[in-house]
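Participant: Sharing a structure here in structure tokens format.
Coordinate-derived values only; no laboratory data. Quick caveat, the model's predicted, so the values are computed rather than measured. Virtual Cβ from ideal backbone geometry, glycine too; neighbours counted across all protein chains shown.
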Amino acid sequence: MRGHRVPLTVTVALSRRLVVRALACAVLVGWGGVPGAADEGMWTFDNPPLKALKERYGFVPTQQWLDHLRLASVRFNDGGSGAFVSPDGLVLTNHHVASGQLQKMSSPKKDYVKDGFYAKTRASEIKSPDLELNVLQSMENVTSRVQAAVKPVMDEAAAAEARRGAIAAIEKESLDSTSLRSDVVPLYQGGEYWLHRYKKYTDVRLVFAPEKQAAFYGGDPDNFTYPRYDLDVAIFRVYENGAPVKSRDYLKWNTKGAAEDELVFVSGHPGSTDRLNTVAQLETDRDLYYPIGIKVVKRRLAALKRYSDQGPEQARQAEGMTFGLENALKAYEGEYRGLRDPQLMDKKKKEEADFRALVAKNAEWNAEYSGAWSAIEKAEVRHRELFKPERFRQIRGSGFAALALEIVQYVAEVKKPDAERLPGFREAQLPALQFQLLSPAPVYLALEELLLADALQESSDEFGAHDEFITAVLGQRLAADVVHDAFKDTKLTDVNVRKALIEGGESAVANSTDSLIALARKVDPFVRQMHKMMEDQVENIETAAGEKIGRARFAAYGRDVYPDATFTLRLSFGTVKGYPMNGTKAPAKTTFYGLFDRANSFDMKEPFNVPDRFQQRRRLLDLSTPLNFVSTADIIGGNSGSPVVNRSGEFVGVIFDGNIESLVGRFVYDDTANRAVAVHSAAIITALRTLYDAPALANELEGRAVPARTATTGTGKN
């Protein structure tokens with residue numbers, strides 16, 4: 001959903017904590033611990049919830065059903081999900097998932113985010129500058145190989161090195177033998193390790209997107225709420241070797257959609273959850289991560305407003321980043337409220353205590369696993385001490401400046417043995433990294449300069465002018481002056497300059513006079529220092545402890561539980577169902593009637609006005625057509641764009657958000673109020689036929705006879 005998709009300029013500062021969460025220890029705590037009667041869980045496709053589905057709904061999907069859905073599901077590698085929806089490579093996702101690419105395609109003369117787009121012929125489909133799509137081809141359990149690399153005599157540092165070495169070797173061997181993107185993913189916080197192999201597509205072309213006002217109707221006030229009235233969709237076509245992909249596994253369209261109380265499934269890539277974190281980790285989140293993170297996002301939004309106020313073109317350039325940060329802020333504030341809820345934390349504490357008591361009752365378990373919790377508690381004490389230095393002694397705010405740092409690190413890391421490299425630079429990860437480093441997407445230097453200057457000034461405010469990081473990077477100068485000089489003469493906007501630096505290696509980067517590279521060289525030692533300290537004093541300890549608790553969980557419960565989300569493919573299920581809200585009841589679906597009622601109730605004032613085409617063609621619409629609907633399916637950020645399917649595996653909708661009650665879903669799940677919000681399949685077809693003059697596209701989606709437009713190939717350029 002929207003609030004969990006964070007743009008690059010934020011992930012530069014936030015991603016490390018997410019990595020720690022993915023690798024750190026966990027315990028069977030929270031409502032997400034032991035399976036219950038609720039429609040709970042983000043299940044891996046190697047361990048689908050067959051027992052729960054049979055007991056609750058009398059339905060057991062076949063392996064063929066599961067394989068078909070898996071191969072039809074798509075991961076947007078810049079954040080989000082989607083699905084193949086035609087045999088000729090159409091992929092459907094959300095407008096807000098596509099918005100980053102839409103902005104990169106845009107120019108001062110054409111704003112695809114605001115105005116939308118429809119390619120009437122294949123020749124007019126627009127190629128995305130740097131979008132990578134992944135389709136999960138296979139899964140292999142490599143737990144024994146990874147864990148066997150760690151010997152009992154090893155300390156945490158040696159164990160971590162051995163573990164990384166085994167993972168790097170597995171990924172490299174798989175890449176070399178299959179040519180597929182190969183990622184080893186820790187699940188159950190190290191209780192298992194799985195090798196996921198992905199078919200990768202990088203020739204992805206835009207076919208359709210509505211106006212932002214249609215896709216994000218109600219703006220920020222309506223975000224994370226329900227009832228909703230959004231046409232939050234976008235459609236791409238995937239190409240390979242210059243021709244549309246023949247997608248054998250695609251979801252057949254069901255325009256009727258799903259009825260109230262009908263069983264539905266969601267197949268997507270939830271980003272991260274913390275339902276299995278220990279109380280010590282949650283307390284660090286509550287006391288440090290969220291308060292500081294919220295403060296940072298608010299400051300960044302203020303900087304973006306200053307830039308946007310300079311004029312309409314500046315506002316256009318900053319729009320996507322502002323949208324992402326407003327989403328993030330609303331999500332973080334909702335999650336933070338959850339962590340400050342005494343009832344939630346008391347329940348977490350009780351369930352952790354109960355599980356530790358269960359382990360203590362078994363002499364073998366107690367001897368092997370009981371020390372893990374205290375190890376984590378001690379590591380979290382150190383984590384709290386390192387939190388602010390790790391957070392603020394780095395390049396933040398500017399994705400373009402972060403790219404310069406990645407180039408500096410790239411040329412150094414690729415010379416090292418695979419297992420010794422920084423995260424993101426392993427041999428199997430380099431193709432995706434190179435694709436991003438050499439992106440031809442436009443760069444707005446004035447915006448990037450303002451954001452980096454503000455972030456470095458923020459670091460100076462936190463530590464003072466005499467801090468070693470501030471002294472090394474800024475000297476005695478103002479952040480704005482240092483950053484202005486760095487951006488004034490940089491040539492990194494030229495892809496060929498970046499390519500030459502990468503190919504030239506360490507000597508080329510060391511001798512480069514590029515002003516932004518020079519700044520990145522000053523920052524790099526501090527980033528490495530903090531990475532090493534976090535790795536040695538927090539991550540390695542928590543990873544080792546997490547594996548112990550993961551094994552304790554399996555000993556106690558087997559695999560009748562689901563792992564925390566890791567931006568890997570998951571299957572969720574639930575029913576189309578309303579819920580109690582504000583003393584009344586929210587309906588299971590909304591309609592075009594409701595859209596126009598809401599717009600008129602606000603006298604068509606922004607952000608509640610409808611696009612002109614909606615007003616002009618209102619009489620042509622069947623206003624009873626469903627627009628959005630909710631289900632009890634368990635989702636989180638990253639699920640945006642996930643297909644919703646029925647028992648027959650037919651497409652009935654696309655996830656685009658969760659309600660405000662679902663924000664606490666990062667930590668717990670409650671099916672009385674948690675709802676996944678989706679665009680209805682009927683709304684998409686109605687909009688294409690009636691509002692956007694796109695009957696050929698609607699025909700292709702519904703599997704009807706397709707006009708000649710689809711027989712034409714082209715370059716994908718406008």
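Participant: Using amide H atoms built 1.01 Å from N in the peptide plane, name the residues 5+ places from S398, or on other chains, whose amide H lies under 5 Å from its own.
Facilitator: Result for S398 returns L452.
Participant: Give me the distance between the Cα centres of segment 442-511 and segment 129-149, rounded to whole Å.
Facilitator: Cα centroid to Cα centroid, the span is 35 Å.
Participant: Between rounded, prolate and oblate, where does segment 510-585 land on the alpha carbon gyration tensor, with a ≥ b ≥ c its root eigenvalues, rounded for a/c under 1.5, else prolate if a/b exceeds b/c?
Facilitator: oblate
Participant: Run the Debye formula on the Cα coordinates of segment 274-332, all scatterers equal and no solvent, and tell me log10 I(q)/I(0) at q = 0.20, 0.21, 0.24, 0.30 1/Å.
Facilitator: Listed by q, the Debye log ratios stand at -0.74, -0.78, -0.91, -1.13.
Participant: Could you tell me the extents of segment 214-321's C-alpha atoms along the three principal axes, largest first, rounded to whole Å?
Facilitator: Over segment 214-321, Cα extents along the principal axes are 47, 47, 37 Å.
Participant: Take the alpha carbon gyration tensor of segment 411-518, find the square roots of its eigenvalues, order them as a ≥ b ≥ c, and report rounded if a/c is under 1.5; if not, report prolate when a/b exceeds b/c, else oblate.
Facilitator: Prolate is the answer for segment 411-518, as a/c is 1.5 or above and a/b outweighs b/c.
Participant: Over the Cα atoms of segment 111-212, what radius of gyration and what Dmax do you get, in Å?
Facilitator: 20.4, 65
Participant: Can you check how the C-alpha radius of gyration of segment 155-295 compares to 2.2 N^0.38 Å, as a plain ratio?
Facilitator: The reported ratio for this selection is 1.50.
Participant: Follow-up. Reachable aspartates and glutamates from K252, Cα under 13 Å, same-chain residues fewer than 8 places away excluded?
Facilitator: Filter leaves D88, E650, E700, E702.
Participant: While we're on this one: State log₁₀ I(q)/I(0) for segment 520-657 at q = 0.12, 0.13, 0.22 Å⁻¹ as given by the Debye formula over alpha-carbon point scatterers of equal weight, solvent excluded.
Facilitator: Scattering profile of segment 520-657, log10 relative to I(0): -0.81, -0.86, -1.38.
Participant: Still on this structure, please answer the following. Which far-off residues, 5 or more places away or on another chain, put their amide H under 5 Å from the one on G116, with H placed in the peptide plane?
Facilitator: K212
Participant: Provide the net charge surrounding D249, with neighbours chosen by a C-beta distance below 9 Å and charges set as Lys +1, Arg +1, Asp -1, Glu -1.
Facilitator: Neighbour charge sum, excluding D249 itself: +1.
Participant: Now for a separate question. Rank by packing, highest mean first: peptides 622-629, 44-51, with packing defined as the count of other Cβ atoms within 10 Å averaged across residues.
Facilitator: Peptide ranking by packing, descending: 622-629, 44-51.
Participant: Turning to a different aspect of this structure: Please list, in chain and number order, the residues 5+ apart from D88 or on another chain whose amide H is under 5 Å from its amide H, with Hs placed from the backbone.
Facilitator: S247
Participant: Using packing as a proxy for protection, rank 212-221, 507-516 so that the peptide with the highest average count of other Cβ atoms within 10 Å comes first.
Facilitator: Peptide ranking by packing, descending: 212-221, 507-516.
Participant: While we're looking at this one, here's another question. Simple spin-label model, 7 Å along Cα-to-Cβ: D341 to R306 in nm?
Facilitator: The modelled label-to-label distance comes out at 3.7 nm.
Participant: Okay, moving on. Tell me, what HN-Hα J-couplings in whole Hz come from the Karplus equation 6.51 cos²θ - 1.76 cosθ + 1.60 at θ = phi - 60° for each residue of segment 432-445, using x for Gly and Pro?
Facilitator: 5, 5, 4, 4, 6, 5, 9, 5, x, 4, x, 10, 9, 4
Participant: Roughly how many whole Å is it from the C-alpha centroid of segment 335-349 to that of segment 621-661?
Facilitator: For segment 335-349 versus segment 621-661, the Cα centre distance is 28 Å.
Participant: Tell me, what ³J(HN,Hα) does each residue in segment 283-300 have, in order and in whole Hz, if you take phi through Karplus 6.51 cos²θ - 1.76 cosθ + 1.60 with θ = phi - 60° and put x for Gly and Pro?
Facilitator: Calculated HN-Hα couplings, in order: 5, 5, 4, 5, 8, 10, 4, 6, x, 6, x, 5, 4, 5, 5, 4, 5, 5 Hz.
Participant: Anything over 32 Å Cα to Cα? Flag those among K127/K585; K305/K348; K416/K548; K246/K416; K305/K415; K199/K589, in the order listed.
Facilitator: With Cα atoms farther than 32 Å apart: K127/K585; K305/K348; K246/K416; K305/K415; K199/K589.
Participant: Obtain the nm distance between the two label points defined at D287 and R704 by a simple spin-label model: each point lies 7 Å from its Cα along the Cα-to-C-beta direction.
Facilitator: It is 6.2 nm.
Participant: Over the Cα atoms of segment 62-160, each weighted equally, I'd like the Debye log10 I(q)/I(0) at q = 0.10, 0.17 Å⁻¹, rounded to two decimals.
Facilitator: The computed values of log10 I(q)/I(0) come out as -0.49, -0.88.
Participant: Return the Rg/Rh value of segment 279-546, two decimal places, where both radii are evaluated on C-alpha atoms and Rh is the Kirkwood radius.
Facilitator: 1.02
Participant: What ranking do 62-70, 666-674 get when scored by the average of other Cβ atoms within 10 Å per residue, highest first?
Facilitator: 666-674, 62-70
Participant: Using the alpha carbon gyration tensor of segment 232-272, what are the three equivalent-ellipsoid semi-axes (square root of 5 times each eigenvalue), largest first, in whole Å?
Facilitator: Here the semi-axes work out to 27, 16, 11 Å.
Participant: Something else now. In 10 Å bins starting at 0, how do the alpha-carbon pair distances of segment 435-490 split up by percent?
Facilitator: Once binned at 10 Å, the Cα pair distances of segment 435-490 give 23, 44, 24, 9.
Participant: Which ³J(HN,Hα) values, rounded to whole Hz and listed in residue order, are derived for segment 645-658 from phi using the Karplus coefficients 6.51, -1.76 and 1.60 in 6.51 cos²θ - 1.76 cosθ + 1.60 with θ = phi - 60°, glycine and proline given as x?
Facilitator: With coefficients 6.51, -1.76 and 1.60, one gets 10, 9, 4, 7, x, 8, 6, 10, x, 9, 4, 9, 6, x Hz.
Participant: Given Cα positions, please report Rg to Rh for the chain, the hydrodynamic radius being the Kirkwood one.
Facilitator: That ratio equals 0.95.
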